[in-house]
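Following: one structure in structure tokens, then a few remarks.
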Amino acid sequence: MSATACTVVTGASSGIGEAVARRLIARGENVLAVARRGDRLRALCQGHSNARALACDLSESAAVQTIAAAVTDAFGAVRGFVHCAGFAAPAPLSLVDDATAHRLYAVHALFPLRFLGWLAKAPNHVAGTSCVLLSSLACHEGERGNAAYASAKGAVEGMLKAAASECLARGVRVNALALGVVDTPMARETWMKRVTPEELAARRAGYPLGFGEPEKVADIVDFFLGPASSWITGQCLVADGGHLLVSGRQGVLS
């Protein structure tokens, strides 16, 4: 791989994205860290010549061009892409508004669809490039009040195999992770603060290996980015702490 190519990590200002970016930066890999919170990105990248911070709203139509220009200017090409950016907007069907729904789809699904289209073209990537998209068990479990978010994540999984097939001929791998509950700022600021301690304990009891942690997800992302997964593409791996095994929904992804 090129010594100057970079890994683009979206959502790098907190949670899983920050854990992934911090790990790559610490071991000297080139990283373009992308999120809306420019102050947190700058703190993440400060003192690291191999890292660049880019404040960008992925719901905007110009986001792909903005990131592409930053990649070209700072690193020349992409060697990895990890799409962690996202947000949740719990609401019953009757209260889902168009603006929120459009933004959910734009950030979770439309942005990676369009960015993969740019990335797959030569000379925007180097040989061995690997991409990881984050999905969620939300699009399989049918939790009430979560239809908009679940459908946006469902769109990620819907594009996966077709995108991976198209990128395969160009030497780019694309895989996804369908995650159960991960203890992130997003989770704590949405559903976790709306439930009682008893309800949270009951939810936690459904995860025999405990709720996920950003660093544990970063371990899996690391595998997909590296040579150990070089024979894998177009796959969606479930990482859920054993949740489906005890929830009676083992066949939910079959």
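We did not get these values from a lab; they are worked out from the coordinates using the rules stated. Model, not experiment: these values are computed from the prediction. A quick note on method: Cβ atoms are made from the backbone with ideal geometry, for glycine too, and the neighbour counts reach across all protein chains shown.
Taking Cα centroids, how far is the stretch 34-74 from the stretch 83-148 in Å?
Each part's Cα centre sits 18 Å from the other's.
Around Phe111, what is the net charge, scoring Lys/Arg as +1 and Asp/Glu as -1 over all other residues with Cβ under 14 Å from its Cβ?
+2
Rank Glu18, Glu157, Glu189 by mean-square fluctuation in a GNM of the chain with C-alpha springs under 10 angstrom and give only the top-ranked residue.
Glu189
What number, in percent, do you get for the relative contact order of the stretch 134-252 if the mean sequence gap of Cα pairs under 8 Å and at least 6 apart is divided by its residue count?
Normalised by residue count, the contact order of the stretch 134-252 is 33 percent.
Just to verify a number: FRET efficiency for Phe223 and Gln65, C-beta to C-beta distance, R0 = 35 Å, to 0.05?
It comes to 0.70.
Mind checking the full-extension length gain between Gln46 and Ala162? Use 0.36 nm per residue of separation minus the Cα-Cα distance, one decimal, nm.
38.0 nm
Please identify, among Lys161, Lys121, Lys193, the residue showing maximal mean-square fluctuation in a Gaussian network model of the chain using a 10 angstrom Cα cutoff.
Lys193
As a footprinting exposure proxy, order Ser136, Ser14, Ser165, Ser94 by other Cβ within 10 Å, with the fewest listed first.
Ser94, Ser165, Ser14, Ser136
Counting only C-alpha contacts under 8 Å and six or more residues apart, can you give the relative contact order of the chain as a whole percent?
20 percent.
Springs between alpha-carbon atoms under 10 Å, Gaussian network over the chain: tell me which of Glu60, Glu166, Glu198 tops the mean-square fluctuations.
Glu198
Counting each DSSP H run of 4 or more residues in the chain as -39500 (n - 2.57), what helix-only mean residue ellipticity at 222 nm follows after dividing by all residues, to the nearest 500 deg cm²/dmol?
-12000 deg cm²/dmol, from helical runs alone.
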